[in-house]
Each structure stands twice: as C-alpha cells, then as structure tokens.
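Here's the structure, in structure tokens; my notes come after.
The values are calculated or read from the model by the stated rules, or taken from the named source; none is laboratory data. Since the structure is predicted, the reported quantities are computational estimates derived from the model, not experimental observations. We place every Cβ from the backbone using ideal geometry, glycine too, and count neighbours over all the protein chains shown.
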Amino acid sequence: MSLRLILDLIARLALWLLLAPLLPGIINKVKAWVAGRRGPPVLQLYYDLARLWQKHAVLSTLASPGFVIGPAVAWVALAGAALLMPLGPAGSALSFRGDMLLLIYLLALARFCTAWAAMETGSAFEGMGAAREVSFAVLAEATLITALLALCVQTESTSLVTMLAPAAGAGAVLLAAGLFTVLLAENCRVPFDDPNTHLELTMIHEAMVLDHSGPPLAVILHGAALKLLLFSLFLTEAVLPLGQLSTLAATGALVGGVLAVTVGVGLVESLLARLAFRRVPLLLTTAFLLCLFALLMAWKGGAE
Amino acid sequence: MPGLFLLVAATGLGASIAFGPRCARLWLGLTLVGTAAALTAALGVLTGTPEWTWRSGFLVGGEALYFRLDGLSAWFLVLVSVVGGLGAVYSREYWSDAHNPASAPRGRAWWSALVLSMGLVLLCSNGLHFLIAWEIFALAAYFLITLDRAQRAVRTAGWVYLAASHAGTVCLFAFFGLLAAHTGGWELGPLRDPGELKPLFWLALAGFGVKAGLFPLHIWLPSAHANAPSHVSAIMSGVAIKMGIYGIIRFSGWLPVPATAGWVVMGLGAVSAVLGIAFALAQNDLKRLLAYCSVENIGIILVGLGAALLGRAQGNAAWGRLALAGALLHVWNHGAFKSLLFFGAGSVVQATGTREMSRLGGLWRALPWTTALFALGVLAVCGLPPLNGFVSEWLVYLGLFDAATQRAASVWAALPAAILLAMAGAMALAGFAKAAAVVFLGAPRTQAAERAQECGGLMRSPMLVLAGGCVILGLAPMLFWPTLARAVGSWNPNWTAGAAPAPLTALSAAQIAVALLAGGAGVWLWRKVRGNGLRRALTWDCGYAGPTARMQYTSASFAGIVTGWFGWLLQPERQLRRPRGPLPAAASEFVRVPETVLERVLGPVGTCVMRVSETALRLQQGRLQAYILYVLAGLIAMGMLVLLGGQP
C-alpha cells in the first residue's frame, strides 16, 4: 500500500467525519424555517457530540461489553462504507469490481451491531426497535440491490466509480424516487420513523438507542449522520452525470445535490406525518417497484 | 502418495469403529489419526499432486473397486475430515460415557462409520459401490440421530429422516441403474457425447436434492437436525447435506445436462434461500432455527451452481466460473460456521437443558466463551464482512452481476436470483440477530438459564478451531484460491487456468482493514467509556422501576413482522388466552410454526393413501369362498376383455 493511498484515505476520512454532522443540522433548520421557528444552530450536532464525548456513561446492569463495542464496530463499518463511496470528480480511493456489494454488506454489519447493542439491555422498547429495524431492512436491502443492478446494467460495469459516473439514463426519475424512499427508511426519517417523537412505541432507530449514553451515544449519532451523508451522496451520484462535467461543475453539482436531498428530507419531515407501521412495508415495496422499473428501463435502453 | 494416506485413514477409521464401543480414548486417537490422514491426502490433491485413482484386482459384488480422488472430491473430503475429527473431540465431553452410558459407546462406533462412509461416497467411482457407501452413510446417520431414542420426538425425527432418505435413494437407484444400462458398465467418469442421458439429471437432482435438503425436499431436515445430539447435528448440517450437493455438482460435471438445468437449479436455489430463511426466522427452537438456515445456505450454493451451469452452457463464460467458485467456497464456509453454531447450541443445551429460546436469555455472563464464539458464527452466517460467509456470497453475487452486465441470455435468471439473495441475506441477519440476542443477551428468563455453566475444554477447542477457520477464510481468501481453482477445474476443465481474480485480493485487503479497525475501535471506545467514568444502573426502559426478565422482547415477537409477510406459507398455529376481567389471573399466547410441507401437504396425502388402503383391506377378510369369488370374477373380466376386442 503506497503512502499516497494512505494519505488519500486519511484526507477522505477527515472530510467525511467533519462534514457528516452538518446534515442533521440543515434538516433541523429547514424544519424550523417551515414551522416559523428560529430552530437550533446548524452546528448543534457538533456541540452535542463534543459534550457527549466528555460525559460519563451509564450502562445497564444486564449489558455485556458488546453494548459498547457494538456501536464502535457499527461506526467503523459505516466509515468503511463511506470510504468506498466515490466522491464525484475525486473518484474513489479504493475501487474494485464488486465494491458496491461490500458497501451494502458493511451497512448490514452496522445494522447488526446496532441491533445487538440494543438487545443487550433486555428492554422491550429496544427489542421492538431492533425488530423493526432488521425487518424493514429486508425490503430496503432488496431495493438497494435492485438499484445497484439497474446502475450496473446501465453502465455495464460492477464497480462504484464507473457505475456512478454517467447519468442514470431513462430510469433516472424512478431510481431517484426509489432511492430517496430508501434513504428515508434507512435513516429512520419521517414518514418511516419520527426522530423527534416522545412516544417510544412508535420509534425505530431512537428506540434502539434509548439506553445509550456518553461516548457510545456520540458514536451512534455520528454514525447515523455518516449514513445520511452516504445515502444522499449515493442518490446524487446515481442520478447526476458527474463524470461528464468539468471538475468544478461536478463538485458544485455534488454539493448542490446533497444539499437539495437534505432540504428535501427536511421538507418531507415538515409536510408529512409518520406512517402507520403496517403501511411501511407498502411504501418500501413501492420503492422496490420503482427501482425494478428503473432496472427494466436500463435493460431495455441498452438492448436498443 | 494420497493412496497411502487414504489407506491410513481407512484403517484408522475402520479400527475406531471396532474399538469405539470399548475404549473411548483409543477411539478418539484412531479417529483423529484417520481424519488427519484423509485431510492430508485431500490437501495434497488440492495443492498440486495429480488426481489419484486406484482400481482393485479383486471384485466386490461382481465389480472391481474403483476409487478416484480429484479436485472436487478432495474439496469435500477436507470438510468431512475436519468436521469429523473436531466433532469426535467435541462428543467426548458432550456425549460422554458418564452422561449417556447406554448410547455413548454405540454413538462412537456410528460416528466413525459415518465419517468413513462419507469418505467412501466421495471416493467411489463405481455406481454400485457408490450406492452401497451411500446406504451405509444414510444408516449411520439414522443411528446417530436416534442415539437418544428414549424420546418420542427423536424416534419420529429418525423415521422421517429414514423414509425421506430412502425416497431419495430410490431415485438414485434408478439414476445409476439407467446410467449403467446406457453405458454398459457401472464405472463412472466424465461422459460428454450421449445426449440421451440428459434427462437422467432430473433423477440425480431429486435423489441428491433430498439429502441436500433443498426446498421443498427438506422435510426431514429440521426435525432430524434439531433432535439429534448437537455434535451429530453439526456434522449432519455442516457436512452430510453437502454430500447431496456433491452428488449434484459431481454428476452435472460428468454427465451432459438438459438445457434447462441451470435455470431450474438456480430457481430452486433462490426459492430455498428465501423460504428456508423465512422458516428459520419463525422458529423458537434454537436448533430448528439453525437447521432451517441450512436450507437457506444450500439455496445459496445452488444459485451459484445454477449460474455455473448457465455459464458453461453459454460458452464457458467467466462469470459462471466465479459463481461456481463462490458455491464451492460456500460449501466450506457453511460447513465451518454451521458446525460452529451447532457446537455452540450444544453448549447451551448442555448448560441449560433446553433448546427453547423463550426459556433462555442472559447467558453471556455464564457462558462467555460460547457467547463470543456463537456471535462470531452468527456474523459469518449472516454473510457480514470481514468473515468468510461474505467472501463466498460475494463471489456468487459477482457472478450474477457480471452475467447481468454482460447481457447474457441468462440475465432473466441472474436478476431475480440476485434480488432474492439480497432479501435472504437481510432476513438471515434478522433471524440471527434474534437468535443470538434472545439466547445470550438481556436477563435470564428461567432459573435454568440463570444456573448455566460454561462448557469445558474438549467442547471449546473444536469451536475455537472452527472460529479460526471462519476468520482465516474471511481475511485471506486468496490463500485458498489455488485449491478452489483446482476444484472448479475438475468440474469444468475449461475453467482450470487463472490466478486469483484481482478484486479478491482487494476485497481481502478491505476485510483485513475492517477487522483491524473494528477491533481497535471497540477496544478504544471501551477504554474511553471506562476512562470517562462508568456507572451501572437498571435498564432505563423509559422509567420502569422493577423490570422483570419476562418483560423482555421474545423471539416470536422479534420475528413477528417478517413472519407476518410469510403467513401464507408458515401458517403459524396460535393458542391465545386473552386476559379477562379487571384483574386478569392468567393470559398466555403460544405460537408454533409447523413444517408446512410435511404437515400440510405430505401429511394429508399420506392420510388419504392410508384411508384408501384401509378400504381395500376390507376385501381381504380371510374367507376362502370370497377368494374363489375374486378369482372367478377376475377370470370372467379377463375373458370379457379378450372377447370384446382385445388382441391375443
């Protein structure tokens, strides 16, 4: 491994770690703006993380060391998935055929570790959250794989750099709608989950981390922000033809795209109510069908 | 050279059958020598020694013995000998003379017989001897499953296994018989030309499919694997069902196959993967869950094999080779992590006396080793990086994705298979998050779980070895690529050449990085928490003052969402006693998921057959007059038939 690659990876990691907590701040600002409030500062999550990192932790008497190690492994998995993601004009530091599958399975590893840590406490609320998380992920993962297949067939390649460079073709709108829905589900945003609710019975992600505190909670919150940035980037790069633009334009399009997605999440959250849980599979199936149609269009487009 | 080692292996195992009932230590030593020798022979063939064949000068059953050890059979022989040896060590503590004085001695003999007969199945290159070895293998497995035959459930499971196994063997009799009739001899080997042999593949698929446990031929598998002693479950699930896979791979390599074979195998594989794991998710019995998960993994292997068949049919496409490599690697991987998980389940059963997950919980404190090793196995079986399950699934996926991007004709099989595999993978994660969490985390739900004791060194060391195997296969898959390429090459000679594909090396680097960073981050965060100051308190649970263990989420409620989607298939039986009145005394809900194919399809059909037979039985009441009447009526009927226009 050359020195240059290591420096490249460190630079990327720093960029990811620093920028990720910005997104929840922007979403909250948008929500406050729609509601006519002033809202918390955009950098609020940074303050929270710094504060939590210094605090001492309270652990359940039932919890094993896995309660702390789980969030750490999940965070590593999410950061690893982020490093696999190409950054528009900067390309990817580590790219190989089939890297998109590693990305999907790293997300799965993060999910497993979060669910494991949630189950450590023996709490029914946390069990409920974990059960919902892993169950809805079945549909979300099928949707993601379908979206990846669509991109693979469209670009006739199986590595993220080449898959994400050109535009998504005829099925771009379908793909964007499907991926945006998956983004909302996987990041536990409205209409799948309400990050601000005070009723534990209706939560997914927040219910899983009820008993976490101090540094582990900081790691979990930062990991969630990384995941949100990862999905926004993926959506932007899948739809926009970044590979065909000049470096400056591509960077602008990338940043603009991620911002647009973030603002979109904020608007959805302001304008929609949370769905009843029995409707969640329905919405996810719709997202799956959207991606499936995108896949069929990609197939048809190439055949002509 | 492999011949010498195989002779040592056969002698060792043969002697261990003889000494097994009397002297446990000698048995263990002989079994270990035998399996080690077999392992050496197999690894020798996989790492470069030319394929080994031997034909006897004498006849057995009218045929000369013909043994052959090539890349493919050596690949499976490695698995047989590793799990055979480790299981023997495990059983010394788990099924010891002290605890099971009646069954332990015969269990040892049957264990050696099982390992020896599976080795013979892999070596025999003569249809007649293959069938004999296959039958000994089936019987040895039956006697091992029913070691604890005092229990009714065990006897039933054994009978279902024996019946299903013989239904499969009937297909194999027909297969080998027809094959011998067409080729004029019992000896087996690569045959390419005769197209009329193609339909025989379906017989082989059915016969070997029963043993492999592919859906819907898996009916015997869950109850047999759940009720057998855990070391037997481990070798049945990790190795014995792979003999079915071996048969399908072997004869699809040697014989011409129908054009639709690849499509059917891939379809069956994808269905097995999704439905197998759906059943697994719904189980509340730890070992039944593991058993159904084997159906899923067999599905993954078959998807890879199906893609390989399609790839071979379409001009030996490179993606077929990737998929076959993934399937074969998954044979090893599943053998390693499933045996590990069954050994872990055995440790739980020994410590608590129950397999019901709703009676367990919080075992991590009493069983720290078992918990850690089981957790590792769970990560591997879910196909999560950086362990071995991910590598083989990744190879299969890559084969499917390549088939899709190259717009080969088989894309219509590859696309749905990839999507279904993704669903199965996510469901496996849900199922094993549930199993591991309900059994090992939280608070103990019963006193039995509270008083659990960790297993001893003889049970722990085989688990450690298997866990090490999972880690090495996961972190350094390219070390095993040359051996894998040899196994693939003996299936299709056109796929022999080639170094490890470049992405595999990159993947391996990424896996190592993830493993190191995850370990480092875990330790670092733990130290940070300790450094910041750490306080222990009751689970907060939004303000409960006195949470009890019974308030925890159970395995059935955890799986409720997904099993609801598959309600049409699973048909769970519910017994619900609702709380009544202002101060309800008792309420309960009992959920059982039946084996749908066995109880809802085969059961009623069997009952119908029995009814019809009973009706026919009325004709036979032992009176001579009646029989004379039957003969007379038969003669008259035949005479009418001839008179009315039958040709003489």
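Any idea which residue in the stretch B:546-582 is surrounded by the fewest Cβ atoms within 10 Å (Cβ to Cβ), counting only those that are under 30 Å from A:ARG279 (Cα atoms) and among the aliphatic types (A, V, I, L, M)?
B:LEU576
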For the stretch B:422-436, give me each residue that is of a type in the set (A, V, I, L, M, F, W, C) and either at the interface with chain A (Cβ under 8 Å from one of its Cβ atoms) or within 17 Å of A:ALA130 (Cα to Cα) (or both). B:ALA422, B:MET423, B:ALA426, B:MET427, B:ALA428, B:LEU429, B:ALA430, B:PHE432, B:ALA433, B:ALA435, B:ALA436
Looking at the stretch B:259-277, can you tell me whether even one residue there is over 26 Å from B:ALA556 (Cα atoms), touching a helix residue (DSSP H, G or I) at 6+ places or on another chain (Cβ under 6 Å) and assigned to a loop (DSSP other than H, G, I, E, B)? no
With respect to the numbered conditions (1) without any contact (Cβ under 8 Å) to a residue 24 or more places away in the chain; (2) assigned to a helix (DSSP H, G or I); (3) charged (D, E, K, R), which one is the sole condition not fulfilled by B:ARG365? (2)
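Go over the candidates B:GLY520, B:GLY533, B:GLY543 one by one and state the one that is at pLDDT 95 or above, loosely packed, with under 14 Cβ neighbours inside 10 Å and either more than 24 Å from B:LEU384 (Cβ to Cβ) or within 14 Å of chain A (Cβ to nearest Cβ) (or both). Break it down into steps so the answer makes sense when it comes.
Values: B:GLY533 fails: at pLDDT 95 or above; B:GLY543 fails: at pLDDT 95 or above.
From the options B:GLY520, B:GLY533, B:GLY543, the qualifying one is B:GLY520.
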Mind counting the residues in the stretch B:566-584 that are within 22 Å of A:ALA124 (Cα to Cα) and out of contact with any Phe, Trp or Tyr (no Cβ under 9 Å at 6 or more places or on another chain)? 3
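Give A:VAL173, A:VAL161 a once-over and let me know the one that is surrounded by fewer than 23 Cβ atoms within 10 Å (Cβ to Cβ) and either within 14 Å of another protein chain (Cβ to nearest Cβ) or basic (Lys, Arg) (or both).
A:VAL161
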For the stretch B:76-103: of the residues being of a type outside the set (A, V, I, L, M, F, W, C) and not in a helix (DSSP H, G or I), which is surrounded by the most Cβ atoms within 10 Å (Cβ to Cβ)? B:ASN100
Only unsatisfied item for B:CYS455, checking (1) touching a residue at least 40 places away in the same chain (Cβ under 8 Å); (2) part of a helix (DSSP H, G or I), is (2)
Can you find even one residue in the stretch A:140-155 that is at the interface with chain B (Cβ under 7 Å from one of its Cβ atoms), under 24 Å from B:VAL523 (Cα atoms) and in a helix (DSSP H, G or I)? no
Which ones in the stretch B:548-564 are out of contact with any Gly (no Cβ under 7 Å at 6 or more places or on another chain), touching a residue at least 24 places away in the same chain (Cβ under 8 Å) and within 7 Å of another protein chain (Cβ to nearest Cβ)? B:VAL562
Lone qualifier among B:ALA408, B:ALA418 - being surrounded by 24 or more Cβ atoms within 10 Å (Cβ to Cβ) and farther than 16 Å from A:GLU120 by Cβ: B:ALA418
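For every residue, the table says whether it meets (1) in contact (Cβ under 8 Å) with a residue 40 or more places away in the chain; (2) part of a helix (DSSP H, G or I); (3) crowded, with 21+ Cβ neighbours inside 10 Å.
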{"residue": "A:ARG37", "(1), (2), (3)": "no, no, no"}
{"residue": "A:VAL42", "(1), (2), (3)": "no, no, no"}
{"residue": "A:VAL58", "(1), (2), (3)": "yes, no, no"}
{"residue": "A:LEU62", "(1), (2), (3)": "yes, no, yes"}
{"residue": "A:VAL73", "(1), (2), (3)": "yes, yes, yes"}
{"residue": "A:PRO86", "(1), (2), (3)": "yes, no, yes"}
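Assess whether A:SER60 counts as being more than 7 Å from chain B (Cβ to nearest Cβ), more than 23 Å from A:PRO21 (Cα to Cα) and of a type in the set (Ser, Thr, Tyr).
So A:SER60 fails the test.
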Of the residues B:PRO493, B:PRO501, only one is farther than 20 Å from B:GLY383 by Cβ and either surrounded by fewer than 22 Cβ atoms within 10 Å (Cβ to Cβ) or touching a His at 6+ places or on another chain (Cβ under 8 Å) (or both); which? B:PRO493
Evaluate the stretch B:360-382: report whether one residue or more is assigned by TED's automatic domain parsing to the domain that holds B:SER339, modelled with pLDDT of 95 or more, of a type in the set (Phe, Trp, Tyr) and under 15 Å from A:CYS113 (Cα atoms). yes
Among the residues in the stretch A:185-200, are any in a helix (DSSP H, G or I), of a type in the set (Ser, Thr, Tyr) and either within 14 Å of chain B (Cβ to nearest Cβ) or crowded, with 22+ Cβ neighbours inside 10 Å (or both)? no
Tell me, which residue of the stretch B:504-517 that is of a type outside the set (Gly, Ala, Ser) and within 8 Å of chain A (Cβ to nearest Cβ) is farthest from A:GLU206 (Cα to Cα)? B:LEU507
Can you pull out every residue in the stretch B:18-41 that is outside any helix (DSSP H, G or I), surrounded by fewer than 24 Cβ atoms within 10 Å (Cβ to Cβ) and in contact with a helix residue (DSSP H, G or I) (Cβ under 9 Å, 6 or more places away or on another chain)? B:PRO21, B:ARG22
Give the number of residues within the stretch B:252-280 that are aromatic (Phe, Trp, Tyr) and surrounded by 24 or more Cβ atoms within 10 Å (Cβ to Cβ). 1
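Taking the stated definitions as given, is B:PHE251 under 19 Å from B:ILE301 (Cα atoms), in a helix (DSSP H, G or I) and among the aromatic types (Phe, Trp, Tyr)?
yes
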Among the residues of the stretch B:597-614, how many are at pLDDT below 90 and either basic (Lys, Arg) or loosely packed, with under 10 Cβ neighbours inside 10 Å (or both)? 1
Within the stretch B:128-137, which residues are surrounded by fewer than 22 Cβ atoms within 10 Å (Cβ to Cβ) and of a type outside the set (D, E, K, R)? B:LEU128, B:LEU131, B:ILE132, B:ALA133, B:ILE136
B:PRO584 fails exactly one of (1) part of a helix (DSSP H, G or I); (2) over 29 Å from the mean Cα position of the chain (by Cα); (3) not aromatic (Phe, Trp, Tyr), namely (1)
When every residue in the stretch A:90-133 that is within 7 Å of chain B (Cβ to nearest Cβ) and hydroxyl-bearing (Ser, Thr, Tyr) is compared, the one surrounded by the fewest Cβ atoms within 10 Å (Cβ to Cβ) is A:TYR105
Are any of the residues in the stretch B:370-377 within 12 Å of another protein chain (Cβ to nearest Cβ), of a type outside the set (D, E, K, R) and over 20 Å from the mean Cα position of the chain (by Cα)? yes
Among B:GLY489, B:GLY474, which is within 23 Å of the chain's Cα centre (by Cα) and either more than 8 Å from every other protein chain (Cβ to nearest Cβ) or in a helix (DSSP H, G or I) (or both)? B:GLY474
